[in-house]
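The values are calculated or read from the model by the stated rules, or taken from the named source; none is laboratory data. Remember, it's a predicted structure, so these values are computed and weren't measured experimentally. Positions of Cβ are generated from backbone atoms using ideal geometry, with glycine treated the same way; all protein chains shown enter the neighbour counts. Just so you know, the surface numbers come from the protein's heavy atoms only, side chains and all, with ligands and any DNA or RNA stripped out. Shrake-Rupley method; radii C 1.70, N 1.55, O 1.52, S 1.80 Å.
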Amino acid sequence: MRRVFAWVALLAAVGCGEGEGPKTLPEPAAQETSAPERDRPSEVEMVASMEGHYNVVILAHDALLQGDLEAFRSQLAQVPEQRLPDASPEAWLPFHEGLQAAALGGASASDLDAAATSLAQVVLACGTCHAALGMGPVYPSPPPDDGDTLVENVMREHQWATERLWEGVTGPREDAWMRGASSLAVSQTFAEANPELILTDELRLRDQELREIGERAMSTTALDQRAAVYGRLLATCGGCHQLAGVEIDGN
């Protein structure tokens, strides 16, 4: 627009005062440059923000699997301090506030049951946001590797199934949820033919509870109910790992 105005001024000066001799015309004013106002963060900023959330929540997830309440609380205590990137749309704020509130509850969880409830709310906040924005993550899902023992084989199958349920509720992805649920529904952690562990009644009970959670997951459709089932699963795993003296490899 400023260039158009400069050309109009030049033509007016040339057309007027024919006998007055040449005139020195002022230089056109330099165009102002300013960064355009953004209506959303850049892709780099969005990825960094999501990775920040994911890293903390997945470590809390792993701590609950281990039955480590102190580590679980420590991780979730970081979420309320996380901020959305600049230029985030107003529509994102309620989802982020829901995540922070859920994590704040987890930061003060007093036992595995309370931790399970809190993490269920955290993953529900993740899945609800991803569903609303249509931008949920997709995870690789290769079949589990073989372990050195029967128990290791089953544990790796459990890990694979748990990862699919995580993907199913945070994605959210229907196919991943059903794959994980159907795997857990038929799991046999402590089969009678397995001579490697001395079983207690409580371990047998946990094994049965795991299958029941898988069966319940298969018939659960609402996202909030799936989140609750997932939290219950992690608490069950954590309690079983504590009883059996299992340590989770975080690598």
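Within the bounds of region 150-170, is there any residue that is among the small types (Gly, Ala, Ser), within 17 Å of Asp224 (Cα to Cα) and either at pLDDT below 90 or assigned to a helix (DSSP H, G or I) (or both)? Yes. For the condition touching a Gly at 6+ places or on another chain (Cβ under 9 Å) and assigned to a helix (DSSP H, G or I), Ala120 qualifies. Screening Arg206 against (1) open to solvent by less than 60 Å² (accessible area, probe 1.4 Å); (2) modelled with pLDDT of 85 or more leaves a single unmet condition, (2).
The rows are residues; the columns are (1) over 21 Å from Arg232 (Cβ atoms); (2) surrounded by 15 or more Cβ atoms within 10 Å (Cβ to Cβ).
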position: Arg73; (1), (2): no, yes
position: Arg83; (1), (2): yes, no
position: Ala102; (1), (2): no, yes
position: Gly105; (1), (2): no, yes
position: Asp111; (1), (2): no, no
position: Val122; (1), (2): no, yes
position: Ala125; (1), (2): no, yes
position: Cys129; (1), (2): yes, yes
position: Gly134; (1), (2): yes, no
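If I ask for residues that are of a type in the set (D, E, K, R) and within 14 Å of Cys126 (Cα to Cα), which ones from region 57-114 would you list? Scanning region 57-114 gives a single hit, Glu97.
With respect to Ala63, is the statement that it is at pLDDT 85 or above, out of contact with any Ser or Thr (no Cβ under 7 Å at 6 or more places or on another chain), among the small types (Gly, Ala, Ser) and surrounded by fewer than 20 Cβ atoms within 10 Å (Cβ to Cβ) true? When the stated conditions are applied, Ala63 does not pass them.
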